[in-house]
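To start, the structure itself, in structure tokens.
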Amino acid sequence: DDRDDVPAIEVRVGDGAWAAYTAPVEVAADGTTTVWFRATDAAGNTSEPGSVEVKRDAAAPEASVGWNAASRTITPTGTDTLSGVALVEYRFGEGAWATATGGAIPTGDAATTAQVRVTDVAGNVSAVAEAAVPAKTTGGTDPGTDPGTGPGTDPGTGPGTDPGGEPSGSLTGDEVLR
């Protein structure tokens, strides 16, 4: 009522016991918890309890990375059972993190490591999941071990024998210099 300037305030967390409100209320359990409150004046009148839903998520989400050798793609995914997934990111090697928008992502032909991390709605970040991506191999013989058939082995007519000649072929943009 309007006659008591300092009513006694009580709180209850979840199904716990009512306790005097003397400090901020701590919610320790992950998930959704109802925090109840009520006031009692000097005349002993107690208000109807009010409540607020508190959502807590201290658990990190889970990251995973699928590797498809046939299509040379990765599929970054993430899960979070409490607040939900806010962001899935991936990178190759030590490159910059990029946002995954769903679906398969091409890896290129070079050997690399694909990494995935996930951030949930509460801001928790997962451990990094990794997948080793081997270099693309081509069928047939290895030009470095097959004497007489690889590039540069024909002393007069094979490719790569003319040091002043123009290179031929095309680049894909996924080449790696070693």
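The values are calculated or read from the model by the stated rules, or taken from the named source; none is laboratory data. All values reported here derive from a predicted model rather than from experimental measurement. Glycine gets a Cβ as well: all are built from the backbone with ideal geometry, and neighbour counts include every protein chain shown. Just so you know, the surface numbers come from the protein's heavy atoms only, side chains and all, with ligands and any DNA or RNA stripped out. Shrake-Rupley method; radii C 1.70, N 1.55, O 1.52, S 1.80 Å.
Where Lys and Arg each count +1 and Asp and Glu each count -1, what net charge lies around GLU26 among other residues with Cβ under 14 Å from its Cβ?
On the way: positive: ARG12, ARG56; negative: ASP30.
With Lys, Arg at +1 and Asp, Glu at -1, the neighbours total +1.
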From largest accessible area down, sort ASP5, ASP120, ASP80, ASP109; use a 1.4 Å probe on the protein chains. ASP5, ASP109, ASP80, ASP120
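Could you please report the charge total around ALA58, scoring K, R as +1 and D, E as -1 over all other residues with beta-carbon less than 13 angstrom from its beta-carbon? Mind showing how you got there, number by number?
Values: positive: LYS55, ARG56; negative: GLU26, ASP30, ASP57, ASP80, ASP120.
Computed value for this residue: -3.
What does the net charge come to around VAL116 if you take all other residues with beta carbon closer than 15 Å to its beta carbon, with K and R at +1 and D and E at -1? Write down the numbers at each step before the final one.
Numbers: positive: ARG91, ARG117; negative: GLU62, ASP80, GLU89, GLU94, ASP120, GLU130.
Once all neighbours under 15 Å are counted, the net charge is -4.
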Solvent-accessible area of GLU62, probe 1.4 Å, all protein chains present, reported in Å² to the nearest ten, please. 120 Å²
Solvent-accessible area of ARG72, probe 1.4 Å, all protein chains present, reported in Å² to the nearest ten, please. 30 Å²
Heads up, I need the accessible area for TYR90: 1.4 angstrom probe, whole protein in place, Å², nearest 10. 40 Å²
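With every protein chain kept in the model, how would you rank THR99, THR119, THR137 by accessible area, 1.4 Å probe, largest at the top?
Working: THR99 80, THR119 30, THR137 115 Å².
These residues rank, largest area first, as THR137, THR99, THR119.
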